[in-house]
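Inspection log for the structure reproduced underneath, given as structure tokens.
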Amino acid sequence: MGIFNKILKKSDKPIEERNVVELMETVPWVSAMNESSIVESFKKGENEFYLNPNNQTCFNFGWFTHQDFINWANGTGVIVKGETQEEKDKVMKYAKSYTELNFLIFSYGEHLDLFDTSEILHGRSYYTGSKYFQDLSKVEDSEIVIKKFWSDLARQVKEKLESKISYERSKADWYDNYTPDIKSIVDQVYEWTRVISFEKAHTLSILGHGYFGACNTPCDIENLAWSKDLAFAIGYKEWLKEDGYELPDFKWVLENRYSQQD
């Protein structure tokens, strides 16, 4: 589900017995932008390989040996960023999640606490929801209004994920060998959120709250082009936490991605 998702081959070989190409084919985070050139170097019998990793938040680029690739597959060594193994473990937790989860949670990793999530943990009745937005009509502070809109949408995201995934998991009790496609469900909820968030952003701008700037900067709640996907990322994060998924320390990894290098 991550940004650089790839189809893996199965292997019964111990990691230590796999060659460089096999490691790239069978271990999700052992992934390179220049995979084809590494394959060519391997075919030529070279002993060192130039690596340009797909996930440059977590992994170093440079010249590395076969043993370095084995260590990488095991979550240690010079390719994995971090000055100590404890730091490398934090990085690897992020890297493994990066191969499993929807990419938006990583795009907004430093901003997942941008607004109070306590409001999205409880559903609202139609009446209380209506009153909630009527009260907002009296608020002039755009930041407050926008955060309330995105908080409510994040609640809806969480509830949709809960209901859809719970239903799909219940099918496993009805049908033998049934495995819910969680990735597909998350993608469907994201597509729904993408449409709804644009409509809400358009409404906010008409009401004089927020603006449409470049979507990558600034990281400002009032920049609706940037913040409209934040509701999905936060609602998704809250569902993952409640579902028991052990999330990585997004902030630590992102704040240290340049300093934690061997």
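The values are calculated or read from the model by the stated rules, or taken from the named source; none is laboratory data. Remember, it's a predicted structure, so these values are computed and weren't measured experimentally. Counting neighbours? That spans all protein chains shown, and the Cβs are built from the backbone with ideal geometry, glycine included.
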Just to be sure I understand, how many residues within region 77-102 are closer than 18 Å to Ala233 by Cβ and buried (at least 19 other Cβ atoms within 10 Å of the Cβ)?
6
Note: among Lys251, Lys241, just one is touching an Asp or Glu at 6+ places or on another chain (Cβ under 7 Å) and not assigned by TED's automatic domain parsing to the domain that holds Glu87, namely Lys251
Need the failing condition index for Gly109 against (1) in the same structural domain as Ser142 (by TED's automatic domain parsing); (2) free of Cβ contacts under 8 Å to residues at least 40 places away in the same chain, just the number.
(2)
Residue, surrounded by the fewest Cβ atoms within 10 Å (Cβ to Cβ), within region 176-200, restricted to residues that are without any contact (Cβ under 8 Å) to a residue 12 or more places away in the chain and among the charged types (D, E, K, R)
Asp176
Considering only helices (runs of 4 or more DSSP H) wholly within region 174-262, the ones with at least 1 residues that are of a type in the set (A, V, I, L, M, F, W, C) and more than 17 Å from the chain's Cα centre (by Cα) are 182-206, 224-227
Among the residues of region 151-166, is there at least one that is among the polar types (S, T, N, Q), without any contact (Cβ under 8 Å) to a residue 40 or more places away in the chain, under 25 Å from Ser97 (Cα atoms) and part of a helix (DSSP H, G or I)?
yes
Qualifying residue in region 176-192 (condition: modelled with pLDDT under 95, of a type outside the set (Lys, Arg) and in contact with a Phe, Trp or Tyr (Cβ under 7 Å, 6 or more places away or on another chain))
no
Which residue is surrounded by the most Cβ atoms within 10 Å (Cβ to Cβ), if the candidates are limited to region 30-73 and must be of a type in the set (A, V, I, L, M) and either part of a strand (DSSP E or B) or at positive phi (or both)?
Leu51
Filter region 32-53 for residues that are at pLDDT 95 or above and in contact with a Ser or Thr (Cβ under 8 Å, 6 or more places away or on another chain); which is nearest to Phe250 (Cα to Cα)?
Pro53
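To keep it simple, each residue is scored yes or no on (1) charged (D, E, K, R); (2) in contact (Cβ under 8 Å) with a residue 60 or more places away in the chain.
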{"position": "His202", "(1), (2)": "no, no"}
{"position": "Leu224", "(1), (2)": "no, yes"}
{"position": "Tyr236", "(1), (2)": "no, yes"}
{"position": "Lys251", "(1), (2)": "yes, yes"}
Near pairs, Cβ below 9 angstrom, 6+ apart or cross-chain, from region 34-56 (in contact (Cβ under 8 Å) with a residue 40 or more places away in the chain) to any residue that is of a type in the set (A, V, I, L, M) and part of a strand (DSSP E or B):
Asn54/Ala32
